[in-house]
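Peer 1: This is the structure I have questions about; it appears just below.
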Amino acid sequence: MLLFDKFTIEENSEMLEKWQYDAFLHFKNKLMDDDKKFPCIPAVQGYKLNHFRFGFVSDPTKPSAHQELAQLLTLFGRKSHSFGSYTSLVIFFETTESLIGNYEIEQYRELFWGILNQLSKMDEEKWPEHIPVDPNHHIWEYCFGGEQYFMYCATPAHKNRKSRSFPYFIFAVTPRWVLERFNSFPQSAAKIKKSIRERIKAYDTVNVHPDLNGYRQENNFEWKQYFLSDDESTPSKCPFTYMKNLLRGSRY
């Protein structure tokens, strides 16, 4: 499995499958649209600076996709500090016409969390000791390879929440160290966060989702932000069960 930067993709498009290059172009156009500005300002900056890395994974409903994603995330985790302070790993999944035609928001949500559960089964590193295994703890976040990540998912089924709508099923994986570096300048970070929320209001056709809060705030649950509904609803419990089940099993 390979990680690509944007220049490699643009200069060698012939080495990609048609769907892969199409997904990349849609992503590029979404972030670079000057008329309808994408809300996440650091993401736009990361793309412009070529800090982003891109990976392509097969049909997300197939078990082979789990192994492919694990390989890409392992490689990214090892090298992310060399990619730049705005880096994220963007994963494009091969999203078939059947998937697009049959999957609604909830099916994609189940798919997203199912993949994360399977990914954790393949993790060769221990879960970081300072991160709770209970997703309902306010400092919990997804971890893989000993690294902490913020996970973002967008799908073809999202219609109203345009900031989570994309023609392909995609993940954007941002290391916690990137976010900590961003927040290390409080005044600048606060100003940008305010601008992001204003952009969300203009970009989406629904209200800013109530689950969007700041990391480490007592009322914050990271897992709720990973996959947002197309309205203001939220799941009653976190579908990520792997670590809790593993811990429960170790007691017997």
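Peer 1: Evaluate the charge dipole of segment 6-249 about its Cα centre and quote only its size in Debye, nearest 20, assuming +1 on the Cβ of each Lys and Arg and -1 on the Cβ of each Asp and Glu. Can you show the working numbers first?
Peer 2: Numbers: 31 positive and 31 negative charges, 158 e Å.
Dipole size: approximately 760 debye.
Peer 1: Name the residue farthest towards the positive end of the dipole of the chain from the options 228, 163, 140, assuming +1 on Cβ of Lys and Arg, -1 on Cβ of Asp and Glu, about the Cα centre.
Peer 2: Among 228, 163, 140, the one farthest towards the positive end of the dipole of the chain is 140.
Peer 1: Sort 127, 223 by Cβ crowding within 10 Å, fewest neighbours at the top.
Peer 2: 127, 223
Peer 1: Could you give the spread of the C-alpha atoms of segment 116-160 along their three principal axes, from largest to smallest, in whole angstroms?
Peer 2: In descending order, the Cα extents are 39, 25, 14 Å.
Peer 1: Related question: Relative contact order, percent, of the chain when contacts are C-alpha pairs under 8 Å separated by at least 6 residues?
Peer 2: On the way: 374 pairs, mean separation 50.9, N = 252.
Relative contact order, the chain: 20 percent.
Peer 1: What do you get for trypsin sites (Lys or Arg not before Pro) in segment 1-91 restricted to DSSP loop and a cutoff of at most 13 other Cβ within 10 Å of the site's Cβ? Don't skip to the answer; put the middle values down first.
Peer 2: Working: sites: 6, 18, 28, 30, 36, 37, 48, 53, 78, 79; in loops: 36, 37.
The qualifying sites are 36.
Peer 1: Give a quick list of GluC sites (Glu not before Pro) in segment 172-223 that DSSP marks as loop, anything other than H, G, I, E or B, with at most 11 other Cβ atoms within 10 Å.
Peer 2: Sites meeting the loop and neighbour criteria: 218.
Peer 1: Restricting to DSSP H runs of at least four residues, report the calculated mean residue ellipticity at 222 nm for the chain, -39500 (n - 2.57) per run over all residues, nearest 500 deg cm²/dmol. It would help to have the intermediate numbers written out before the result.
Peer 2: Working: 10 runs with 108 residues, N = 252.
That calculation yields -13000 deg cm²/dmol at 222 nm.
Peer 1: Also: Report, in whole Å, the centroid distance computed from the Cα atoms of segment 139-208 and segment 49-86.
Peer 2: If we compute the Cα centre of each part, the gap is 17 Å.
Peer 1: Over all Cα pairs of the chain, how is the pair count split among 5 Å bins, expressed in % and running from 0 up to the last occupied bin?
Peer 2: 1, 6, 13, 18, 21, 20, 13, 6, 2, 1, 0, 0
Peer 1: Taking segment 1-142, how much of its Cα-Cα pair set, in percent, is spaced more than 27 angstrom apart? Intermediate results must be reported in sequence, preceding the final value.
Peer 2: Details: 2814 of 10011 pairs.
In whole percent, the share of Cα-Cα pairs in segment 1-142 beyond 27 Å is 28.
Peer 1: What is the antiparallel percent of DSSP beta bridges lying wholly in segment 6-249, to the nearest 5? Walk me through the numbers on the way to the answer.
Peer 2: Values: 13 of 19 bridges.
Antiparallel: roughly 70 percent of the beta bridges in segment 6-249.
Peer 1: OK, next. Who wins for biggest fluctuation among 158, 209, 81 in a Gaussian network model of the chain, springs between alpha carbons below 10 Å?
Peer 2: 81
Peer 1: Right, here's the next one. Rounded if a/c is under 1.5, else prolate if a/b is larger than b/c, else oblate: which is segment 140-188, with a ≥ b ≥ c the root eigenvalues of its Cα gyration tensor?
Peer 2: Working: a/c = 3.51, a/b = 1.58, b/c = 2.22.
Because a/c hits 1.5 or more and a/b fails to exceed b/c, segment 140-188 counts as oblate.
Peer 1: Taking only C-alpha pairs under 8 Å that are 6+ residues apart, what is the relative contact order of segment 5-149 in percent?
Peer 2: On the way: 137 pairs, mean separation 31.3, N = 145.
Averaging sequence separation for qualifying contacts and normalising by length gives 22 percent for segment 5-149.
Quick note: the coordinates plus some simple rules give every number you see, no bench work behind them. As the structure is a computational prediction, the values presented were derived from the model and not from experiment. Here Cβ is always computed from backbone atoms with ideal geometry, including for glycine, and neighbour counts include all displayed protein chains.
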